[in-house]
Amino acid sequence: MGQDDTYRSPLLDRSGAVAADPPDDGVAAHYGDPLREQRGLTESVAVVDRSHRGVLRIGGPDRLSWLHSLTTQHLEALAPWSATQALVLSPHGHAEHDLRLFDDGEATWIDVEPGTATALLAFLDSMRFLLRVDPRDVTEEWAVLSASGPDLPGQLSVPAPGQARRDGEMLVRRPAPGFPAATAALPAVDLLVPRAEFPSVADRLAPLAGITAYEALRVAAGAPRLARDTDHRTIPHEVGWLSTAVHLDKGCYRGQETVARVHNLGRPPRRLVLLHLDGTAGHLPAHAAPVSWEGRTVGFVGTAAWHYELGPIALAMVKRAVPDGATVAVDGHPALVEPLPGLGTGDLARAGRG
C-alpha cells in the first residue's frame, strides 16, 4: 500500500466516521461533530489521523550534509532528536516540497504532504551521485498521527519545542509552529507510529478528532499548507516560511538566489492573510476561489474552514497592495482581511488608505 495510490485508513471504520475530501481523502473528515472535536484539540486532548501523509527515511553517514545542500534549512550539524522544517525549491525559488523532519542519530525521518512522497524520493534519488545516503519511502511501514490539548502531557511525555524523542516504538516530535496549536502554550505532538500499530495507539492515546478540526485550527493559526494555500509561484517569503523553514546564512541550494534577492529587497509580490468570511453565505468558498478588491481580482482562497469560535475563516494569497482591514469579495460575499504575524502590511495600508 503506497500513499500515492488509493488509501483508506482503518480509523474510517470507527463509529461516526465520515470520509474527507481530497487532498485528505483516505482519512476521516470528522467522527460526527467537527466543532466539538476542535474543542477537544484545544480544551482537553484529542488525536488526529494523518496516516495519509508520506514518510521517508534517509540513512547513511552523509545524509545531513546532503540534505543541507538540497534544502532551505541548515541541517549539516542538526543534533540528534532535533525537529525542524525544510523546503525543496525550484530553480526559480518556488516551493515544491514541504518537509517536516528530525534525525535520530542513525537516520533522518521526513513526512510530507499526501501524494508527494514518490516525487520527492525521485528528486532525492536523482541527486545521490556517489554520496553515502540511502533514501527510502517507508510510508507502508509508518503512519503519522497528531495530538494536542492541555491534557496531552497526562497521556504522553511531550518533547520540548524543536525536539523529538522515542517512546517505545513510536517517534514523538514537536510540530512546526501552528501545527495544529494556535499558540505555543498549547501542547501538541506529531507521532510516527508503526503502521500496524497506529489504530491501537490512537485508541489508547485520546479521543479521535477529524482532519476538518485539525485544518480549522491550522487556518486560525495562519499556518500554510503546501498546494492548498500555495500555488506553483509561491516563494517562502509570501507565507511565513522564511522564519520557520529557511536558514538565511547557509551555502548554496536550489532557489537560493530568489530567496536572497527578495529578502534583501523586502518586497515579496504577495502575502498570505486570514479572511473572516461573511457567514450569511451559508457555505465555505471553494479552494482557489478568486478574491477581488475594488473590482479587481487580487488573489485566491486557500483553505477555508468553520472555526468553533471565529466562525467561517480562510487563508488567502493576495497581492501585497491589499491593505490590512480591507473588505474583499469572495464568491460575491464580503470578507475582512486580517494580517498574519511577520508577513507585513499592504502598501496602501502603510500609505494611510483602508
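Bear in mind that the values in this text are calculations on the coordinates, not laboratory data. Since this is a predicted model, take the numbers as computed values, not measurements. So basically every Cβ, Gly included, is an ideal-geometry build from the backbone, and we count neighbours across all protein chains shown.
Listing for the model above:
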item	result
Theoretical FRET efficiency, 1/(1+(r/R0)^6), r = Cβ-Cβ of Ser15 and Gln155, R0 25 Å, to 0.05	0.75
Inter-site label distance for Ala286 and Phe129 at 7 Å from Cα along Cβ, in nm	4.6 nm
Extreme residue, positive dipole direction of the chain, given options Gly266, Gly342, Pro135 (C-beta unit charges)	Gly266
Highest-first arrangement of 113-124, 297-308, where packing means the average Cβ count within 10 Å	297-308, 113-124
Cβ-based net charge around Asp134, under 13 Å, with every Lys or Arg adding one and every Asp or Glu removing one	+1
Computed Rg/Rh of region 173-304, alpha carbon atoms with Kirkwood Rh	1.03
Gyration tensor over alpha-carbon atoms, region 35-133, equivalent ellipsoid semi-axes in Å	28, 16, 13
Approximate spin-label separation Ala185-Thr118, in nm, with each point projected 7 Å along Cα-to-Cβ	4.6 nm
Set of region 298-316 residues, backbone N closer than 12 Å to the point 7 Å along the Cα-Cβ line of Glu43	308-309
Debye-sum result for region 269-354 in log10 I(q)/I(0), which assumes one identical scatterer on each alpha carbon, at q = 0.13, 0.23 Å⁻¹	-0.35, -1.09
Distance between modelled label sites at Ser200 and Arg136, nm, 7 Å Cα→Cβ extension	2.3 nm
